[in-house]
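All of the numbers you see were taken from the coordinates with simple rules; none came from a lab. As the structure is a computational prediction, the values presented were derived from the model and not from experiment. With ideal geometry, Cβ positions are generated from the backbone for all residues, glycine too; neighbour counts draw on all protein chains shown.
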Amino acid sequence: MATIGKALVIGAGIGGLTTAAGLLRQGIEAEVFEARPSPGRLLSGGGFMLWHNAFLSLRRIGLDQAVAADSVRMRFHEFRSDTGKRLARWKLDGPTEKCEAPACALRRSSLHKVLTEAVGDHRIRLGARMTGYTQDADGVTAHFADGSTARGDVLIGADGLRSTVRATMRRGFEPPPRYAGYTAWQAITRLPGESLVPTGTFFNLWGKGGLRFLYCRLNENEVYWDAITSDRAAARIDTVQHTRGAALAAAYDQWPDPVGRIIASTEEEAILPVAIHDRPPGGGWSQGRVVLIGDAAHPMTLNLSQGAGQAIESGVVLADMLGRGERAAVPETLRRFEAARRERSADMVSTSWRIGTLGLVHSALLSRLRDLMMYAFFDSVAKGQSYGLMLDGRLERAPLPVAAGRSGLGAG
Ligand SMILES: Cc1cc2nc3c(=O)[nH]c(=O)nc-3n(C[C@H](O)[C@H](O)[C@H](O)COP(=O)(O)OP(=O)(O)OC[C@H]3O[C@@H](n4cnc5c(N)ncnc54)[C@H](O)[C@@H]3O)c2cc1C
């Protein structure tokens, strides 16, 4: 039986690098093509939550420990109102011990660094923008903006929300991503002070007027935050007359400590607004020897903190299936991959979207009702549903020493 010799991976994001690392582990040569010209630009981006399921998948390619080592373990997920009232507090130690994998916060760049090292710089071609592909019975050829081409047995489109591979697969007939109606202003700020932002808790504040605010400590000195503003709220955030920091500080001026202090401590250039999009769940991820993965296949809103987690899961499953598959049977393997992953990722996309709509509430009365609902159900029903979705039993579970974490921060 002829095994797969070479895979072309388009995009050096989390999905592409995870898949490449998994393929190399399976003995399949992988070359990654990235449109961005420099590693520095690739490493940009703020903080990040990786839940237990992501670590369980990373373990299957031997990278969980390295990622955990540069992360801070989360012990609580706390929900509050914009008056500071605690609505729910999930203890994460129980699930961490049960599934033997942590939930962690980390810098996006830390994850990229581990994945890049696993793949090897020499296998990542920067400044290589794919413009299209052609395929025949024997293989697939990727075409790049500089006129060069590359040939492989399989092409993996890990090129994100506005994927060129996806557009090529659909011959240009592709609706744009679905806008969620809100923007996430994300940043990392230098803000020491355990009493201000305690290590090991992921805070999730829900307010009226279409505003939310998430934050957690990344290490002794740094805090990651996301201000999520609905379009109606954002209309009042005047970044023409004011800096981003000043405009957000005004929008959140009635919010409880430390929200104001977190915003005030942040450098203007560190605040990056991202309009949140996804795609309604749907199939058609593969065509012959070409397949989509990560945000190119199943982009989702940020509400479950699972977009990267799902990209990692998909990458590990795909690498495993290709490692066991025959070269001639690549199209069939890719169809089976989609069948294996479609339902789970669709559940994530839909649930994440629904949670996001709860944040679009504007009136004080409806916000109060939402608070009551969260107070009544989030510690029990919502936590159960969230974990049911996250750890659905389809993932392999092997022992992981969970004490890993930078300087023991947040470790139990
Ligand atoms: C504000 C915010 C917060 C988030 N927080 C979390 C979180 O806490 N936890 C979580 O799990 N997820 C989170 N996500 C989601 C997560 O960021 C994404 O799901 C994840 O980055 C998707 O990875 P990817 O590799 O599929 O795509 P991307 O990260 O978008 O990578 C795609 C890569 O392909 C390259 N590329 C694009 N076009 C081409 C081309 N034509 N040729 C070559 N290369 C190309 C791009 O330059 C890029 O490097 C968050 C998202 C946002 C917006």
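Residue by residue, here is whether (1) surrounded by fewer than 20 Cβ atoms within 10 Å (Cβ to Cβ); (2) part of a helix (DSSP H, G or I) holds:
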position	(1), (2)
LEU24	yes, yes
VAL32	no, no
ARG36	yes, no
PHE48	no, no
PHE55	no, yes
LEU58	no, yes
GLY62	yes, no
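Filtered by the rule that a residue be within 24 Å of THR229 (Cα to Cα) and more than 6 Å from the ligand (Cβ to nearest atom), the stretch 296-311 gives HIS298, PRO299, MET300, THR301, ASN303, LEU304.
Just for the stretch 204-226: of the residues that are among the acidic types (Asp, Glu) and more than 12 Å from the ligand (Cβ to nearest atom), which one is nearest to GLN254 (Cα to Cα)? Among them, the one singled out is GLU222. Among the residues here, ALA246 qualifies as free of Cβ contacts under 8 Å to residues at least 60 places away in the same chain, more than 22 Å from LEU304 (Cβ to Cβ) and away from the ligand (no atom under 13 Å from the Cβ). Would you confirm whether any residue within the stretch 237-249 is in contact with a Leu (Cβ under 7 Å, 6 or more places away or on another chain) and not β-branched (Val, Ile, Thr)? Checked against the condition, which is being in contact with a Leu (Cβ under 7 Å, 6 or more places away or on another chain) and not β-branched (Val, Ile, Thr), the stretch 237-249 yields no hits at all. Residues in the stretch 153-179 that are part of a strand (DSSP E or B) and among the charged types (D, E, K, R): ARG178 alone. Condition check for GLY283 on (1) within 13 Å of the ligand (Cβ to nearest atom); (2) outside any helix (DSSP H, G or I); (3) free of Cβ contacts under 8 Å to residues at least 60 places away in the same chain; (4) not hydroxyl-bearing (Ser, Thr, Tyr): one failure, at (1). Of the residues making up the stretch 357-387, those that are more than 25 Å from LYS91 (Cβ to Cβ) and in a helix (DSSP H, G or I) are THR357, ALA364, LEU365, LEU366, SER367, ARG368, LEU369.
Do we have VAL197 as within 12 Å of the ligand (Cβ to nearest atom) and either in contact (Cβ under 8 Å) with a residue 40 or more places away in the chain or among the acidic types (Asp, Glu) (or both) here? No: the conditions fail for VAL197. Inclusion of ALA227 among residues that are outside any loop (DSSP other than H, G, I, E, B) and farther than 13 Å from ILE188 by Cα is not warranted.
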